[in-house]
Amino acid sequence: MSVAPAAPPTGPTARSTPPLAATYQRLLTHCGTLRASLAPLAGTPPHQAPTTAQLVSDPEHLTAFVEAEAARIRTRHAHDPRPHVAASRALHDYLWSVGLLMGGAWHLDRRVPLVRPRDVRVDLAEAVLHITPGAFACLPDDPAANTPGARVVPDEESLRTELRTAVADHVGPLLTAIAPRVRRGPRALWGMAGDDLVSAIWYLGRVLGQEEEALRATEALLPTPLAPYPAGASFRHLTTSDGTRHPTRTRLGCCLYYTISGTDACITCPRTCDAERLRRLEGDAGADL
């Protein structure tokens, strides 16, 4: 990765800005589609912003989480989704956002957030994740290696292991809790978690103008299926008529967006064959990863 770890802040705010908060701020600056905030919730009743831990432990909170997504789908698409579709879309959005927060911090600053379920609140009305910066894993040369909450690991592979484990530890309980609502088994659910982690890092590489580096990073992170993730990053390239090579991959499962949008399946969907992907790329319609 060529994106260097952020230098620690200097000046009056140096003692008040946790290293991971600085990393998240950089990530939010780069990623306009990431609906997340470090700001504490103000004026929002607790039942409208449950923690991820509460989504896991309280079926009423989980129901509200899914129903909020169903309401957004009805508002945005004038479509009444089936319950398992709303649950799948809510889960996908959560996994992608958490994948970007955790995988993006790793890619930007080589810091792996150790995000506990109680560290994230989900604003149901606004679909925004409010995250509290906490402990993180990093390399010995990180400028923040000696700060409270830093867990230093010896090398890049150890840090990749930390990321795979941290994401699994965070999302695993939610996958178990929501499984009956999305009507998917463990392989499909962990496939979705891996897909969203990979696609989030890929997205970050694109917005940074460093797509090839992001692809190499995801291939190093998931070179093959590594438990609990049932598939590797597995990128390949398609070549359009002008000779341009375009990276693509096939997600393990469908995110069901096509069922609510009235459009074709996403370009990385297993429903979308390579001939169709090339057709869209020729027309520059392949932005939806």
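The values are calculated or read from the model by the stated rules, or taken from the named source; none is laboratory data. Remember, predicted model here, so these are calculated numbers, not experimental data. Glycine also receives a Cβ, built like all others from the backbone with ideal geometry; neighbour counts cover every protein chain displayed.
For this structure, a couple of remarks:
- The number of residues in segment 92-140 being closer than 24 Å to VAL182 by Cβ and among the hydroxyl-bearing types (Ser, Thr, Tyr) comes to 2.
Conditions (1) outside any helix (DSSP H, G or I); (2) more than 15 Å from ILE260 (Cα to Cα), marked per residue:
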| position | (1), (2) |
| --- | --- |
| HIS92 | no, no |
| VAL98 | no, yes |
| MET102 | no, yes |
| VAL115 | yes, yes |
| GLU126 | yes, yes |
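- Every listed requirement among (1) without any contact (Cβ under 8 Å) to a residue 40 or more places away in the chain; (2) closer than 25 Å to GLY172 by Cβ is met by ARG236 save one, (2).
- Failed criterion for THR147 (all others in (1) hydroxyl-bearing (Ser, Thr, Tyr); (2) assigned to a helix (DSSP H, G or I); (3) more than 17 Å from GLY194 (Cα to Cα) hold): (2)
- Here ALA39, ALA87, ALA78 are screened, and the one residue that is modelled with pLDDT of 90 or more and under 29 Å from PRO173 (Cβ atoms) is ALA87.
- Of the residues making up segment 125-156, those that are at pLDDT 95 or above, within 20 Å of the chain's Cα centre (by Cα) and farther than 19 Å from ALA200 by Cβ are ALA135, CYS138.
- Residue count, segment 275-287 (criterion: at pLDDT below 90 and surrounded by 15 or more Cβ atoms within 10 Å (Cβ to Cβ)): 1
- Checking ALA53 against (1) surrounded by 19 or more Cβ atoms within 10 Å (Cβ to Cβ); (2) hydrophobic (A, V, I, L, M, F, W, C); (3) in contact with a Lys or Arg (Cβ under 7 Å, 6 or more places away or on another chain), the condition it does not meet: (1)
- Cross-chain or 6+ apart pairs with Cβ under 7 Å, segment 66-79 first and under 15 Å from LEU124 (Cα atoms), then assigned to a helix (DSSP H, G or I) and of a type in the set (A, V, I, L, M): VAL66/ALA86; VAL66/ALA87; VAL66/ALA90; GLU69/ALA86; GLU69/ALA90; ALA70/ALA86; ILE73/ALA86; ILE73/ILE260
- Flag if ARG249 is in contact (Cβ under 8 Å) with a residue 40 or more places away in the chain, farther than 18 Å from GLY99 by Cβ and either out of contact with any helix residue (DSSP H, G or I) (no Cβ under 8 Å at 6 or more places or on another chain) or not β-branched (Val, Ile, Thr) (or both): no
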